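Novice: Once you've had a glance at the structure underneath, I'll fire off some questions.
The values are calculated or read from the model by the stated rules, or taken from the named source; none is laboratory data. This is a predicted model, so every value here is computed, not measured. Here Cβ is always computed from backbone atoms with ideal geometry, including for glycine, and neighbour counts include all displayed protein chains.
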Amino acid sequence: MEHDTSKSNNKHSIDNLKTSGLERRLSIAKTSLNVGRRWAGNSVSGIFLDKKARTARNQAFMEAQAQYVADELGKLKGSVVKIGQMLALYGEHVLPPEITRALQTLNDDTATLTWPRIEQTLQRILGDKLHELEIDRTPIGTASLAQVHRATVLATGEQIVLKIQYPGVAEAINSDLALFKRLLKVSNVVPQTRSLDAWFEEIRDLLHIEVDYDIEAATTERFYARLQDDPRYAVPKINRNYSSKRLLCMTYEPGVSVTSDALKSLSPERRNAIGQAAIEIMMQEIFVWGEMQTDPNFGNYLVRISDSDHETDKLVLLDFGAIRQFDNALLTIARALLRAGYRHDHTAMMAAMTGYDFFDSMSDKVKSNVASLFLLATEPFSDTAINPDIPKDCLDEQQRYIWAKSKLHSRISATARRAMQSFEFNLPPKEFMFISRKFIGAYTFLTVVDAHTNSNNLVKPFL
């Protein structure tokens with residue numbers, strides 16, 4: 001969740017969220033009805049077109065239909081928006097591209113809940129402790145499940161932020177999921193498969209964890225302890241006195257957004273250091289700690305720019321709600337895949353792809369194609385001395401990888417499409433999709449920062 005200190009707040013406010021089951025059901029029902037009418041109208045009006053014209057028309061209709069659904073969902077806030085965002089992130093192998101694109105437009109940064117409603121929520125949770133705080137009535141960050149307000153602890157002057165969960169969103173998760181599934185069914189744009197059901201179960205579990213701020217507080221404290229002695233990172237410190245299951249209180253951590261001009265104007269070496277820190281934390285998450293922040297949203301990071309070239313710029317890690325733990329079997333496979341990627345060894349990559357039904361059920365041909373995909377995905381982590389496939393313009397004079405020139409995401413996407421055209425390709429395990437999404441998020445981060453990174457520094461500690 002973003003709280004960029006360089007931004008002003010000019011969003012419109014709403015007095016109430018549609019968090020009651022009835023209100024949400026009515027809203028979704030109205031959307032479903034309109035969607036059904038549109039489908040009927042499209043079918044009738046296209047009856048006299050030839051096949052080519054009908055295909056083009058249906059494509060355009062599907063795009064408009066998907067965007068209408070996304071727009072209507074965006075008005076509800078709460079877990080409906082979060083479900084849409086999660087499906088957009090992790091459902092690209094399950095959903096048609098039109099739906100994925102439309103869901104990607106669902107935005108956290110919408111209307112804010114008015115101060116009287118927020119104050120009412122705080123009063124209910126904090127009671128008399130509310131008088132110990134001076135709270136800024138204008139939020140510094142909004143999301144689909146909560147909004148963030150700056151505050152001061154009056155007795156000590158400590159600067160804090162309060163992440164306040166919108167009332168009723170936790171209780172609405174199960175019904176929201178049911179409504180969302182029904183809407184997808186009525187809109188006729190998604191095949192109702194077991195894969196889709198499995199994804200909805202996964203999203204349900206993740207959401208119930210994400211709305212439990214006791215869990216997020218404990219996770220934030222673990223990451224704080226791990227990183228407190230590393231000058232490259234800042235993690236908020238949890239204030240337990242004002243925290244509860246639906247309210248999270250932590251130290252205020254200033255910084256600028258990843259896309260800010262101030263960050264772009266830093267020297268290349270400083271941007272390289274920030275990029276290296278961003279990808280190193282991901283390596284630690286996957287290969288050392290076995291738990292990972294799975295939401296690659298830029299709003300979960302800020303950068304605290306130091307006053308001089310001699311001090312370290314800090315990567316501020318803000319949000320630990322979407323954390324996933326991984327078992328040792330998966331981590332062992334992931335380490336072997338990384339090792340093979342570092343050595344750019346196709347045979348070793350194929351050998352590493354064992355121990356998961358997803359890999360073990362592949363024919364040698366498909367396994368070879370997927371191994372080639374993994375070799376491409378690990379290109380930035382490979383030993384530049386032995387990988388002849390890295391495009392020459394992707395390395396600087398010190399043999400560091402130039403992310404902004406790599407076009408890696410589009411190259412991976414093209415290769416992945418070819419690999420998945422095989423009729424025997426199964427849906428990847430959810431864990432691998434989480435990890436791949438995390439990597440894509442990191443790739444985008446490093447491209448935006450325009451960082452050059454050294455593969456030896458990144459990978460050797462984990463070999």
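Novice: So if I check each of A225, A217, which one is at pLDDT 90 or above and within 21 Å of I140 (Cα to Cα)?
Specialist: Details: A225 fails: within 21 Å of I140 (Cα to Cα).
When all the criteria are applied, what remains is A217.
Novice: Sticking with this one: Quick one: is T251 surrounded by fewer than 16 Cβ atoms within 10 Å (Cβ to Cβ), over 23 Å from V169 (Cβ atoms) and touching a Phe, Trp or Tyr at 6+ places or on another chain (Cβ under 9 Å)?
Specialist: On the way: surrounded by fewer than 16 Cβ atoms within 10 Å (Cβ to Cβ): yes; over 23 Å from V169 (Cβ atoms): yes; touching a Phe, Trp or Tyr at 6+ places or on another chain (Cβ under 9 Å): no.
For T251, the condition - surrounded by fewer than 16 Cβ atoms within 10 Å (Cβ to Cβ), over 23 Å from V169 (Cβ atoms) and touching a Phe, Trp or Tyr at 6+ places or on another chain (Cβ under 9 Å) - is not met.
Novice: Continuing with the same structure: Could you tell me which residue of region 279-320 is surrounded by the fewest Cβ atoms within 10 Å (Cβ to Cβ), considering only residues that are of a type in the set (G, A, S) and in contact (Cβ under 8 Å) with a residue 24 or more places away in the chain?
Specialist: Step one: of region 279-320, the residues of a type in the set (G, A, S) are 290, 299, 306, 308.
Pick out the ones that are also in contact (Cβ under 8 Å) with a residue 24 or more places away in the chain and you get 290, 299.
On the way: G290: 15, G299: 19.
Top of the filtered list is G290.
Novice: Something else about it: So, in region 134-187, of the ones that are assigned to a helix (DSSP H, G or I) and out of contact with any Ser or Thr (no Cβ under 8 Å at 6 or more places or on another chain), which residue ends up farthest from E202 (Cα to Cα)? Don't jump to the end; show me each part of the working.
Specialist: First, pick out the residues of region 134-187 that are assigned to a helix (DSSP H, G or I): 173-187.
Next cut, out of contact with any Ser or Thr (no Cβ under 8 Å at 6 or more places or on another chain) only: 174-175, 178-181, 184-185.
Working: N174: 12, S175: 15, A178: 14, L179: 16, F180: 14, K181: 14, L184: 17, K185: 19 Å.
The qualifying residue farthest from E202 (Cα to Cα) is K185.
Novice: How many residues are assigned to a helix (DSSP H, G or I), of a type in the set (D, E, K, R) and under 14 Å from L463 (Cα atoms) when one looks only at region 336-359? Walk me through how you get there before you give the answer.
Specialist: Of all residues in region 336-359, those assigned to a helix (DSSP H, G or I) come to 336-342, 346-352, 357-359.
Add one more test, that the residue is of a type in the set (D, E, K, R), and what stays is 339, 357.
Keeping just the survivors that are under 14 Å from L463 (Cα atoms) gives 339.
Residues that pass the stated criteria total 1.
Novice: Looking at (1) surrounded by fewer than 13 Cβ atoms within 10 Å (Cβ to Cβ); (2) among the basic types (K, R); (3) touching a helix residue (DSSP H, G or I) at 6+ places or on another chain (Cβ under 8 Å), which is the one condition that is false for R417?
Specialist: Against the list (1) surrounded by fewer than 13 Cβ atoms within 10 Å (Cβ to Cβ); (2) among the basic types (K, R); (3) touching a helix residue (DSSP H, G or I) at 6+ places or on another chain (Cβ under 8 Å), R417 comes up short only on (3).
Novice: Right, next: Where the second residue is among the β-branched types (V, I, T) and in a loop (DSSP other than H, G, I, E, B) and the first is surrounded by fewer than 17 Cβ atoms within 10 Å (Cβ to Cβ) and lies in region 348-369, which pairs have Cβ atoms under 9 Å and are six or more apart or on separate chains?
Specialist: The qualifying pairs are D360/T354.
Novice: Applying the selection to region 253-274, what residues are part of a helix (DSSP H, G or I) and either within 24 Å of E221 (Cα to Cα) or free of Cβ contacts under 8 Å to residues at least 60 places away in the same chain (or both)?
Specialist: Passing the criteria: D261, E269, R270, A273, I274.
Novice: Which members of region 250-267 meet the condition of being under 22 Å from the mean Cα position of the chain (by Cα) and of a type in the set (A, V, I, L, M, F, W, C)?
Specialist: M250, V256, V258, L263
A quick yes/no check of all residues on (1) more than 23 Å from A334 (Cβ to Cβ); (2) out of contact with any Cys (no Cβ under 7 Å at 6 or more places or on another chain); (3) assigned to a loop (DSSP other than H, G, I, E, B):
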{"position": "K367", "(1), (2), (3)": "no, yes, no"}
{"position": "L373", "(1), (2), (3)": "no, yes, no"}
{"position": "P380", "(1), (2), (3)": "no, yes, no"}
{"position": "A385", "(1), (2), (3)": "yes, yes, yes"}
{"position": "I390", "(1), (2), (3)": "no, yes, yes"}
{"position": "Q398", "(1), (2), (3)": "yes, yes, yes"}
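Novice: Next question. As an exercise: evaluate D136 against (1) in contact with a His (Cβ under 7 Å, 6 or more places away or on another chain); (2) buried (at least 18 other Cβ atoms within 10 Å of the Cβ) and give the number of the one condition it does not meet.
Specialist: Going through the list (1) in contact with a His (Cβ under 7 Å, 6 or more places away or on another chain); (2) buried (at least 18 other Cβ atoms within 10 Å of the Cβ), D136 breaks only (2).
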